[in-house]
Amino acid sequence: MAKIYDIITNPNPVLRRKSPEIAKEKIASAELKEFCADLAETMIAKDGIGLAAPQVGENIRLAVINTDEGPLCLINPKMKRKSWTKVWGEEGCLSVPGLYGEVKRRKKLKCKYFNQAGEEITIEAEGLFARVIQHEIDHLDGVLFIDKMRPLKNKKEAKKI
Ligand code: CO
């Protein structure tokens, strides 16, 4: 049975720490595999499209993103090539309930990460997918979207990342 974590909400020092990388020998471990699965289940249960490990109290560089092909687990993700173009887009966050805003993010990027088999993968992302990757990497650096946002003109809900 998957474990559904409680989400840590702002303010909390866990959300503000820069999380260290996961050691190479731990990347393909059964323990981490279970954590990835539980984090993905939690993201789905809480209706989010992304969730980073610090949001459940683990200061490690790992995040899950909900994609059309199912949950994707990014271990030690790093942004590589970034486009110069930035675009505004709406965001919310499971750790900042009830607050939504617009954040300027890079339109396109390349992201390098390790999968649960310990393989190094590079993906290209744009649009919402690129936005979610940037939001999650911010979480791993102790940054929240409220640090960068401008308020929405009309108080509607946005996707929780
Ligand atoms: Co978030």
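Some observations on this one:
- Every test in (1) over 21 Å from residue 44 (Cα atoms); (2) within 16 Å of the ligand (Cβ to nearest atom) is passed by residue 62 save one, and that test is (1).
- Some residue of the stretch 78-88 being away from the ligand (no atom under 15 Å from the Cβ) and under 18 Å from residue 60 (Cα atoms): yes
- Residue in the stretch 76-83 that is crowded, with 17+ Cβ neighbours inside 10 Å, closer than 29 Å to residue 37 by Cβ and of a type in the set (S, T, N, Q) present: yes
- Answer from 94, 99 - the residue that is closer than 19 Å to residue 10 by Cβ, at pLDDT below 95 and within 13 Å of the ligand (Cβ to nearest atom): 99
- Residue match in the stretch 93-113 (condition: out of contact with any Asp or Glu (no Cβ under 9 Å at 6 or more places or on another chain), among the aliphatic types (A, V, I, L, M), surrounded by fewer than 20 Cβ atoms within 10 Å (Cβ to Cβ) and over 17 Å from residue 51 (Cα atoms)): no
- With respect to the conditions (1) among the small types (Gly, Ala, Ser); (2) free of Cβ contacts under 8 Å to residues at least 12 places away in the same chain; (3) on the phi > 0 side of the Ramachandran plot, residue 23 lacks only one, and its number is (3).
- Residues that are touching a strand residue (DSSP E or B) at 6+ places or on another chain (Cβ under 9 Å), farther than 29 Å from residue 28 by Cβ and within 11 Å of the ligand (Cβ to nearest atom), drawn from the stretch 104-145: 145
- Residue list for the stretch 31-59, filter: within 15 Å of the chain's Cα centre (by Cα), more than 16 Å from the ligand (Cβ to nearest atom) and without any contact (Cβ under 8 Å) to a residue 60 or more places away in the chain: 35, 37, 38, 41
The values are calculated or read from the model by the stated rules, or taken from the named source; none is laboratory data. Keep in mind that what you see is a predicted model, and the values were worked out from it rather than measured. In this analysis, Cβ positions are derived from the backbone assuming ideal geometry, glycine residues included, and neighbour counts consider all displayed protein chains.
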